[in-house]
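Bear in mind that the values in this text are calculations on the coordinates, not laboratory data. All values reported here derive from a predicted model rather than from experimental measurement. When we count neighbours, we look across all protein chains shown, and the Cβ atoms used for this are built from the backbone with ideal geometry, even at glycine.
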Amino acid sequence: MCPCDVGDGLATYTGTITNESSSVRSYEVTVEFVRPDTSVRLYIASTSVDDVEPGTTATVVVNKVVSQPELECRLVDVTGPLPFGQS
């Protein structure tokens, strides 16, 4: 789990994905927003990361409108053609 930035009713997960192939690729990244120090999922959201050039790293930002002042994020799924690296 990782901390989320939460402010003004918006939770934000920020990470990266690296296209380790020799072709332009697109990915779908899904994040759960959970109650701190638990595994209780309160929200889930995803975003598309399109047209990542070969050998480059793209920033991933997943936002969700929330009512909780504190949340943790859990990266639960990355969908796209292999190979790729995430952080």
Among P36, P54, I17, whose Cα projects farthest towards the positive end of the dipole of the range 2-80, with charges put on the beta-carbon of Lys, Arg (+1) and Asp, Glu (-1)?
P36
For the range 8-14, take each phi angle, set θ = phi - 60°, evaluate the Karplus expression 6.51 cos²θ - 1.76 cosθ + 1.60, and give the result in whole Hz per residue in order, putting x for glycine and proline.
6, x, 10, 9, 10, 9, 10
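Find out how many positive minus negative residues lie around I44, taking Lys and Arg as positive, Asp and Glu as negative, among other residues whose Cβ is under 12 Å from that of I44.
Counting the neighbours of I44, the net charge comes to +1.
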If the chain between T30 and V61 were fully extended at 0.36 nm per residue, the gain over the current Cα-Cα distance would be 10.1 nm
What do you get for chymotrypsin sites (Phe, Trp or Tyr not before Pro) in the range 18-87 restricted to DSSP loop and a cutoff of at most 11 other Cβ within 10 Å of the site's Cβ?
none
Give me the one-decimal nm value for the distance between modelled label points at T18 and I44, 7 Å along each residue's Cα-to-Cβ direction.
2.9
Long-range amide H partners of V66, meaning residues 5 or more apart or on another chain whose placed amide H is closer than 5 Å, are L10, A11
